[in-house]
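Encoded as C-alpha cells, the structure appears first; notes follow it.
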Amino acid sequence: MIFSMFLTLFLVAQAAGHMSLQEPPARNVMWRMGFNDLPAHADDDYLICHEKSARNKCPPCGDSADTPPPHPHEGGGQWATGIISRTYTMGQVMNIHVNVTRSHGGSIEFKLCPHDSIATPVDQRCLDRYPLEIVGSNSRSVPIRAPYNSPEQISVRVRLPPGVACDQCVLQMTNTAEEFKPQKIMFRNCADIAIEGNAKTNQAAGEPVGDPAFSISSRSGFGSGSGTSETGFTPQIQHRLFFPERR
C-alpha cells in the first residue's frame, strides 16, 4: 500500500513528459501535426496506466484503468475524432516514429486491429491478433536505450500484414516501463489509419512511406455521411509536420 502511494506520487512528479506516437500521428498528438480544428491536449505524451490486477486491465489506448467509460482516447471518447491520420497499402512497409520525452526503459511494441468502427472502443484481443514485426530484425519490439529520465527519438519500420485492408485500422503503441517493475506501468497511444488493397490483386507490398511533411490528405466521418469522397469521408488536409522540442 505504501509503495503504491509512493509510486503514484512519483509518477505525478514525473509528469513533465514520457512518450508519444508521432508517426503515424496518434489521436492525442494530431493537434500538434496541423490537423484542423482540434483542441490542444495538455498531456499528450503522458498517457499512462497502472495495471494493478488481472481484473483491472489497462485500456488499449492509454487511458487509466480507473477512468470510467467512455475512455477519452477510445471510440466514443473526446480524442477519437474519426480522422484518419495516414493511408497505406496492404502489405506495405511503414515508418513509425516515437518521441520519448522521458525514458523509463523497457521496450515498445506495435499492434494493429482492422476495426472499422470509430464510435466503439477497440478490443485488445483484436490488436493481439496482429502484432507487427520490426523490419530488419526478428523481433516484435524495439528497446528504449536512453537512460532513465532522458529523451530519445525512435524510428523503425514495420510491415503491414498481408490480407488486411480497412477504412479504419487502429495502430497501438505500448511501452511497459522497466523502471517501475514489478509494478506494471504502461504507456499507450492509438492512431487511426486506413489500409487500401490493390483492385486487381487485393494486395500490394509497397515501399516505406516517405517524409509526410506537406499536404497529406486525410479523411474523417465514417459511414455514408456527407463527405465528398466515394467512401463518404470528408477530406481534411494536414499541413507541415511538427515535432515539439524536447523537454
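The values are calculated or read from the model by the stated rules, or taken from the named source; none is laboratory data. What you see is a predicted model; the values in this text were computed from it and never measured. All Cβ positions, glycine included, derive from the backbone under ideal geometry; neighbour counts span all protein chains shown. What goes into the accessible areas is simple: the full protein's heavy atoms, side chains included, and nothing from ligands, DNA or RNA. Shrake-Rupley method; radii C 1.70, N 1.55, O 1.52, S 1.80 Å.
Per-structure values
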item: Gained length - GLU179 relative to SER139, 0.36 nm times residue gap less alpha-carbon distance; result: 12.3 nm
item: Computed FRET value (nearest 0.05) for ALA42 with SER64, which takes r as the C-beta separation and R₀ as 25 Å; result: 0.95
item: Accessible-area value, VAL93, 1.4 Å probe, nucleic acids and ligands omitted, Å²; result: 10
item: Neighbour-limited loop hits for trypsin sites (Lys or Arg not before Pro), segment 38-91 (at most 12 other Cβ within 10 Å; DSSP other than H, G, I, E, B); result: ARG55
item: Segment 70-175: chymotrypsin sites (Phe, Trp or Tyr not before Pro) in DSSP loop, at most 14 other beta carbons within 10 Å; result: TYR148
item: 1.4 Å probe accessible area per residue over segment 31-160, in Å²; result: 45
item: With DNA, RNA and ligands ignored, accessible area of GLU179 (1.4 Å probe; Å², nearest 10); result: 50
item: Nonlocal amide H pairs with GLU23, under 5 Å, H built at 1.01 Å; result: HIS97
item: Surface accessible to a 1.4 Å probe, GLU178 within the full protein complex, Å²; result: 80
item: Shape of segment 43-179, Cα gyration tensor, a/c cut at 1.5; result: oblate
